[in-house]
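Written out below as structure tokens is the structure these notes cover.
The values are calculated or read from the model by the stated rules, or taken from the named source; none is laboratory data. No experiment lies behind these values; they were computed from the predicted model shown. Glycine gets a Cβ as well: all are built from the backbone with ideal geometry, and neighbour counts include every protein chain shown. Heavy atoms of the whole protein, side chains included, go into the accessibility calculation; ligands, DNA and RNA do not. Shrake-Rupley method; radii C 1.70, N 1.55, O 1.52, S 1.80 Å.
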Amino acid sequence: MSTESNPEQSRPPRKAAILLGTAVVFFAFDLVTKVVALAQLEGREPVRALGGLVYLQIVRNPGAAFSIATGMTWVLALVAIGVVVAIIWLLPRLRSVGWAIGLGLVLAGAVGNLVDRFFRAPGPLRGHVVDFVSLFGPDGEYWPVFNVADSSIVVGGILIVVLSLLGYEYDGRRSRDKKKTEAAPSE
């Protein structure tokens, strides 16, 4: 199928703009919420909100989600750099709005936490990520404490998995369309 007959296939710059726009918006939201959380919550007891559904408190996380790999902060920073590079590598081939949004969310989260790992104490590639939302109880009692970047990664990852399960590819094709094209006899 030529790109001229399918306008969705011929517009990578629009998909790149969607991905980058999503990433910028959610990265900025992550950065602003961390600054506000640090200014308002640093040194305070957890703040109960929404009838105890949410507790706001500062936790400096040297590890990954669920505080795993706490001694491997530099490895997590390198993995985040790899994720950013992989997403940028996919940009020219990106033809799906859903994938653009999902990858934009993952990119925002990876960069948001990577900025913490580079610029927060104890130092570059060892910095602790600022988390501040705890669900159902303080101190991550029932669910690990997280931030907007973590949420972006999770939501983006879920969107990408759902799209994949439904057969939507990042290049705009459906899996079944791809199989038909590959199975068609050559002329």
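Whenever a residue of segment 137-152 is touching a residue at least 60 places away in the same chain (Cβ under 8 Å), its partners that are buried (at least 22 other Cβ atoms within 10 Å of the Cβ) and among the basic types (Lys, Arg), lying with C-beta atoms within less than 9 angstrom and at least six residues away or across chains, give the pairs 147/34; 148/34; 149/34. Name every residue in segment 100-131 that is over 14 Å from residue 62 (Cα atoms) and in a strand (DSSP E or B), in order of residue number. Passing the criteria: none in range. Residues that are part of a loop (DSSP other than H, G, I, E, B) and open to solvent by 60 Å² or more (accessible area, probe 1.4 Å) within segment 135-173 comprise 136, 141, 142, 143, 166, 170, 173, listed in sequence order. Identify, please: which residue in segment 63-89 is surrounded by 17 or more Cβ atoms within 10 Å (Cβ to Cβ) and at pLDDT 85 or above and is, among those, nearest to residue 134 (Cα to Cα)? So, considering only residues that are surrounded by 17 or more Cβ atoms within 10 Å (Cβ to Cβ) and at pLDDT 85 or above, the one nearest to residue 134 (Cα to Cα) is 80. Taking segment 43-62 as the range and being modelled with pLDDT under 95 and of a type in the set (D, E, K, R) as the test, only 60 passes.
Matching residues to (1) under 14 Å from the mean Cα position of the chain (by Cα); (2) aromatic (Phe, Trp, Tyr):
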{"position": "95", "(1), (2)": "no, no"}
{"position": "115", "(1), (2)": "yes, no"}
{"position": "136", "(1), (2)": "no, yes"}
{"position": "146", "(1), (2)": "yes, yes"}
{"position": "149", "(1), (2)": "yes, no"}
{"position": "163", "(1), (2)": "no, no"}
